[in-house]
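See structure below.
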Amino acid sequence: MYNVMSPKAEEFISHEEILASLEYAREHKNDRELIDKILAKARERKGLPHREAAVLLDCELEDKNQEIYALAEQIKKDFYGNRIVMFAPLYLSNYCINGCEYCPYHLKNKHIARKKLTQEEIIREVTALQDMGHKRLALEAGEDPVNNPIEYILECIKTIYGIKHKNGAIRRVNVNIAATTVENYRKLKEAGIGTYILFQETYNKESYEKLHPTGPKHDYAYHTEAMDRAMDGGIDDVGLGVLFGLNNYQYDFTGILMHAEHLETYKGVGPHTISVPRLRRADDIDPDVFDNGISDETFAKIVACIRIAVPYTGMIVSTRESQSCREKVLHLGISQISGASRTSVGGYAQPEPEEENSAQFDVSDNRTLDEVVRWLMEMDYVPSFCTACYREGRTGDRFMTLLKSGQIVNCCHPNALMTLKEYLEDYASEETRAVGDKLIEKELDVITNPKVKEKVVDYLANIHNGQRDFRF
């Protein structure tokens with residue numbers, strides 16, 4: 001049944017192959033000789049097949065686990081340096097016709113306030129996001145062909161790209177909406193989206209169908225094959241994700257790696273990003289059924305093993321996770337985080353009244369963007385608001401070729417420093433600006449090409465003097 005080159009979901013995500021891989025991992029989880037061979041292979045920075053990665057995830061040998069963590073951290077540095085890309089979600093609408101049992105947007109929930117942003121409200125929300133300093137958004141919307149048709153999503157994207165407030169501008173709009181048609185993906189591409197993101201929730205077909213008893217999302221194959229259709233529609237960059245806590249985590253870990261292998265082999269480009277959300281408490285969801293059931297330690301191991309298995313992918317963790325948890329996984333592979341997020345429809349321009357709660361899930365990290373940026377810099381990370389690759393056409397296979405060859409660093413590090421400088425000049429507190437200017441001065445030494453370094457120094461001075469939007 002298993003065929004990585006098949007266009008059929010049940011063949012490139014084979015239930016039998018996952019079960020066989022999990023059994024293999026259980027049998028060999030403490031096999032030192034095999035684990036050493038797998039780690040030696042992983043050190044070549046070319047990734048691992050799902051079955052070998054499953055062995056590392058199950059490994060119980062403490063000294064080998066420490067090697068896994070150290071290797072994940074080094075691979076992250078090799079591909080992404082110390083840059084952390086910043087973004088924020090923007091919820092457009094929570095109208096939804098699906099019956100997802102873990103999501104408060106499900107059709108039968110009569111407690112939640114149903115909302116849909118008008119274009120005028122979007123302008124206010126995006127202006128507030130720009131005033132924080134955000135340059136990159138991830139659009140979220142429930143599935144509802146009446147309230148949230150593709151025309152509405154396209155109109156929202158056009159509105160967002162058109163908002164220019166002071167020195168603010170949203171330079172990249174990523175989109176997380178339900179699985180749709182090749183024609184609609186083509187429309188999203190023409191609208192100028194960055195990455196199309198769609199979480200699988202779980203790759204276990206039986207569990208998936210039980211968790212999605214009603215609505216179009218019930219169709220496992222249509223949902224799982226969405227990334228193939230998105231690429232057929234011309235979208236270069238796609239983002240995978242599962243919701244850890246819904247199903248056996250080893251099963252979904254293996255499934256998402258198989259999905260990445262399928263895209264890499266069948267479509268020629270692996271996932272631009274992999275997200276690792278854990279289930280959170282939410283309105284009208286039974287906490288005894290869904291309890292965010294994997295520990296912080298297991299969560300960290302998942303992040304490390306994904307980083308080793310898919311070294312080129314961007315990895316995302318949201319404000320679902322606490323500050324301490326995010327700090328741990330930043331070292332193990334995460335390259336993108338959200339900051340100052342609102343998971344309700346609206347709430348950036350002004351706080352949402354409690355009686356009108358429209359949030360999808362609870363947020364654990366409630367700090368301001370300024371606090372998150374300073375926290376990152378105090379750990380010697382470079383918060384990056386860069387969108388240059390997308391705007392310069394370095395997407396899809398072009399981006400991956402540069403990344404895998406190590407050449408992308410010649411663009412990314414200078415661009416990160418320049419966009420950080422923009423943030424510091426326009427939005428940062430005095431304390432954060434002082435920390436950031438010191439960090440930029442130190443990070444200039446990372447640029448080894450003297451001509452590039454000279455140009456960056458010149459651009460930084462121009463930014464200080466009021467000019468904006470320089471990029472390599």
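The values are calculated or read from the model by the stated rules, or taken from the named source; none is laboratory data. All figures in this text were calculated on a predicted structure; none of them were measured in a lab. No Cβ is skipped: glycine too gets one built from the backbone with ideal geometry, and neighbour counts run over all protein chains shown.
At-a-glance table
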{"item": "Criterion violated by residue 240 - all others in (1) part of a helix (DSSP H, G or I); (2) touching a strand residue (DSSP E or B) at 6+ places or on another chain (Cβ under 7 Å); (3) buried (at least 23 other Cβ atoms within 10 Å of the Cβ) satisfied", "result": "(1)"}
{"item": "Residues that are in a loop (DSSP other than H, G, I, E, B) and either touching a His at 6+ places or on another chain (Cβ under 9 Å) or modelled with pLDDT under 95 (or both), drawn from segment 199-212", "result": "200, 203, 204, 212"}
{"item": "Residue identified as touching a Pro at 6+ places or on another chain (Cβ under 8 Å), buried (at least 19 other Cβ atoms within 10 Å of the Cβ) and farther than 30 Å from residue 111 by Cβ among 373, 452", "result": "373"}
{"item": "Among the residues listed as 40, 53, 70, the single one being buried (at least 20 other Cβ atoms within 10 Å of the Cβ), outside any loop (DSSP other than H, G, I, E, B), at pLDDT 95 or above and not assigned by TED's automatic domain parsing to the domain that holds residue 421", "result": "53"}
{"item": "Selection from segment 138-170 of residues that are aliphatic (A, V, I, L, M) and touching a strand residue (DSSP E or B) at 6+ places or on another chain (Cβ under 9 Å)", "result": "138, 139, 141, 153, 157, 160, 163, 170"}
{"item": "Filter result (farther than 22 Å from residue 217 by Cα and buried (at least 20 other Cβ atoms within 10 Å of the Cβ)) within segment 172-193", "result": "172, 173, 193"}
{"item": "Count of residues meeting criterion [outside any helix (DSSP H, G or I) and closer than 21 Å to residue 195 by Cα] in segment 219-237", "result": "6"}
{"item": "Residue 436 vs. criteria surrounded by 21 or more Cβ atoms within 10 Å (Cβ to Cβ) and in contact (Cβ under 8 Å) with a residue 12 or more places away in the chain", "result": "yes"}
{"item": "Pairs with Cβ under 9 Å, 6+ apart, first in segment 168-195 and in the same structural domain as residue 270 (by TED's automatic domain parsing) and under 14 Å from residue 272 (Cβ atoms), second polar (S, T, N, Q) and part of a loop (DSSP other than H, G, I, E, B)", "result": "172/387; 194/387; 194/395; 195/395"}
